[in-house]
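First the structure, in the form of structure tokens, and then the observations on it.
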Amino acid sequence: MTREEKNSIVEDLKLRFAAHNHFYITDSSALTVEQVNNFRRICFQKGVEYKVIKNTLIRKALDSLDADYSSFDNGVLKGFSGIIFSKESGKLPAEVLKEFRGKAGKKPLLKAASIDSCIYIGDENLDALTRLKSKEELVGDIIALLQSPAKNVISALKSAPNTLAGIVKTLSEK
């Protein structure tokens with residue numbers, strides 16, 4: 001690979017990291033070529049992008065960003081690395097990994113993830129990442145919590161005449 005090709009890959013990675021708030025670094029070295037192609041197919045169907053890139057090029061692209069990715073120096077960028085990019089949801093790549101693992105066993109492994117500049121290192125974080133809520137889900141939960149007291153008051157006011165009439169009717173029958 002020539003220096004110009006490497007520089008263009010690093011520039012492309014910089015643009016991808018800037019455009020995607022969420023990315024996962026995986027180790028799929030234990031997968032066969034057929035399994036990697038199946039994994040890419042699933043990623044494409046789910047709306048995430050999977051690329052296999054050399055660690056040194058990933059490091060150069062990450063070093064040019066404003067965020068601190070020095071924690072990736074502890075073995076994350078060693079061996080075989082693939083990156084899953086997601087624009088929409090921080091948990092979507094985790095769900096894709098879990099779905100594929102259901103078919104292929106305990107691979108590919110999660111090396112690290114960056115969700116809105118929060119770093120998760122290690123495969124043991126995969127379950128926690130699948131439970132993350134998107135911004136829209138959190139806003140919906142907050143709105144539901146804020147509306148709950150008002151709905152309770154309104155339903156109590158609406159049911160009060162019926163309840164009172166039922167009590168009077170029951171008392172008059174006795």
Hey, how many Å between the Cα centroid of segment 1-51 and the Cα centroid of segment 106-121? 14
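Within 10 Å of each candidate Cβ there may be at most 13 other Cβ atoms; applying that plus a DSSP loop requirement, which trypsin sites (Lys or Arg not before Pro) in segment 92-151 survive?
Values: sites: LYS98, ARG101, LYS103, LYS106, LYS111, ARG131, LYS133, LYS135, LYS151; in loops: LYS106, ARG131, LYS133.
Hits after loop and neighbour filter: LYS106, ARG131, LYS133.
Under the rule of -39500 (n - 2.57) per DSSP H run of 4 or more residues, summed and divided by the residues of the chain, what mean residue ellipticity at 222 nm is obtained, to the nearest 500 deg cm²/dmol?
On the way: 6 runs with 97 residues, N = 174.
Mean residue ellipticity, 222 nm, calculated: -18500 deg cm²/dmol.
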Before anything else, pin down the relative contact order of the chain: Cα pairs under 8 Å, at least 6 apart, normalised by residue count, whole percent. 27
I need two numbers for segment 3-132: Rg to one decimal and Dmax as a whole number, Cα atoms only, in Å. 13.7, 41
If a paramagnetic tag sat 7 Å from the Cα of GLU99 along the Cα-Cβ line, which residues of segment 128-152 would have the backbone N under 20 Å from that point? 128-137
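Provide the packing ranking of 4-12, 53-61, i.e. peptides ordered by the mean count of other C-beta atoms within 10 Å per residue, highest first. Walk me through the intermediate numbers first.
Numbers: 4-12: 13.4, 53-61: 17.6.
Ranked by mean Cβ neighbours within 10 Å, highest first: 53-61, 4-12.
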Result row for the chain, helices from DSSP H with C-alpha axial extent 27 Å or more and mean Kyte hydropathy at least 0.0, is 135-173
Dipole of the chain (Lys/Arg Cβ +1, Asp/Glu Cβ -1, origin at the Cα centre): which of ASN55, LEU77, CYS43 lies farthest to the positive side? CYS43
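FYI, it's all coordinate maths here, none of it is from the lab. No experiment lies behind these values; they were computed from the predicted model shown. Please note: Cβ atoms are built from the backbone with ideal geometry, for glycine as well, and neighbour counts cover all protein chains shown.
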